[in-house]
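Since the structure comes first, as structure tokens, the remarks are kept for the end.
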Protein chains: 2
Amino acid sequence: MVFWDLSILKLDEFRPGICSKVEAGANLILAFMDIAPHREGPAHDHPFDQCGIVVEGEVEMAIGKEKRTLNPMMTYFIPAGESHSWKTDALPAKIVDVTVKQR
Amino acid sequence: MVFWDLSILKLDEFRPGICSKVEAGANLILAFMDIAPHREGPAHDHPFDQCGIVVEGEVEMAIGKEKRTLNPMMTYFIPAGESHSWKTDALPAKIVDVTVKQR
């Protein structure tokens, strides 16, 4: 599907507390994620870039030595190889995320 | 810069009617584009995926045989090789776009 209206998009449970919808092409993976409050993704890294934007709610993100609380209209860019983690506090977060498809 | 706050981000003139800010990593290019009313990007294609989200305003986008007027909270995914074009009408459009970096 080439167009998504995030306000009505049907999501699947990705793992407890995270619902998502994913589109994979030849090179890119586009994902919309709806993350419940009080969830976290532990620090990890991978040899490809990742980036995205928060469209609703709030999420704390750490990329290398930089840490930031992200709200709507804020983007992130995770350079290849850089350690990163994220955490929601009292609010949920809705994020549009893009990564490189691995072959 | 790993984080952007789009509400205060300083943009450069990319071409007449389009101001942008670009971040390129090892594999991905993240761009924020502020497009004036009554502009268009003619149909073209490239052998890699491209995707993004509209965060303000309105843009009409055609991808292959599908055409849609996109508003905030609407995303697009352009599969590799698919012809695509865009056009703003009376409103400007602000878009966050991601493409694959070519080597």
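The values are calculated or read from the model by the stated rules, or taken from the named source; none is laboratory data. Here the structure is a predicted model, which means the values were calculated and not measured. When we count neighbours, we look across all protein chains shown, and the Cβ atoms used for this are built from the backbone with ideal geometry, even at glycine.
If you check A:V59, A:V54, A:V2 for being in contact with a Ser or Thr (Cβ under 7 Å, 6 or more places away or on another chain) and either in contact (Cβ under 8 Å) with a residue 60 or more places away in the chain or over 21 Å from B:N27 (Cβ atoms) (or both), only one passes: A:V59.
Collect the residues in segment B:33-57 that are of a type in the set (D, E, K, R), farther than 11 Å from B:W86 by Cβ and in contact with a strand residue (DSSP E or B) (Cβ under 6 Å, 6 or more places away or on another chain), keeping them in residue-number order. B:D34, B:D49, B:E56, listed by residue number. With A:I8, A:I95 as the choices, which residue is in a loop (DSSP other than H, G, I, E, B) and on the phi < 0 side of the Ramachandran plot? Within the list A:I8, A:I95, the selection yields A:I8.
The selection criterion, being surrounded by 15 or more Cβ atoms within 10 Å (Cβ to Cβ), among the basic types (K, R), within 15 Å of the chain's Cα centre (by Cα) and more than 11 Å from every other protein chain (Cβ to nearest Cβ), does not hold for A:R68. Does A:F14 fit the bill of being without any contact (Cβ under 8 Å) to a residue 12 or more places away in the chain and either aromatic (F, W, Y) or closer than 18 Å to B:M73 by Cα (or both)? Taking the combined requirement at face value, the residue does not satisfy it. Among residues belonging to segment B:78-103 that are more than 20 Å from B:V22 (Cβ to Cβ) and hydrophobic (A, V, I, L, M, F, W, C), point out the one that is farthest from the other protein chains (Cβ to nearest Cβ). If we take residues in segment B:78-103 being more than 20 Å from B:V22 (Cβ to Cβ) and hydrophobic (A, V, I, L, M, F, W, C), then B:A90 is farthest from the other protein chains (Cβ to nearest Cβ). The single residue among A:G41, A:G52 that is farther than 22 Å from B:V98 by Cα, more than 7 Å from every other protein chain (Cβ to nearest Cβ), in contact with a Phe, Trp or Tyr (Cβ under 8 Å, 6 or more places away or on another chain) and part of a strand (DSSP E or B) turns out to be A:G41. The numbered conditions (1) touching a residue at least 40 places away in the same chain (Cβ under 8 Å); (2) charged (D, E, K, R); (3) in a strand (DSSP E or B) are all true for A:K67 except (1).
One residue stands out among those in segment B:1-28 that are at pLDDT below 95 and surrounded by fewer than 17 Cβ atoms within 10 Å (Cβ to Cβ): the one that is nearest to the other protein chains (Cβ to nearest Cβ), which is B:M1.
Within segment B:29-38, restricting attention to residues that are more than 12 Å from every other protein chain (Cβ to nearest Cβ) and surrounded by 14 or more Cβ atoms within 10 Å (Cβ to Cβ), the residue that is nearest to the chain's Cα centre (by Cα) is B:M33.
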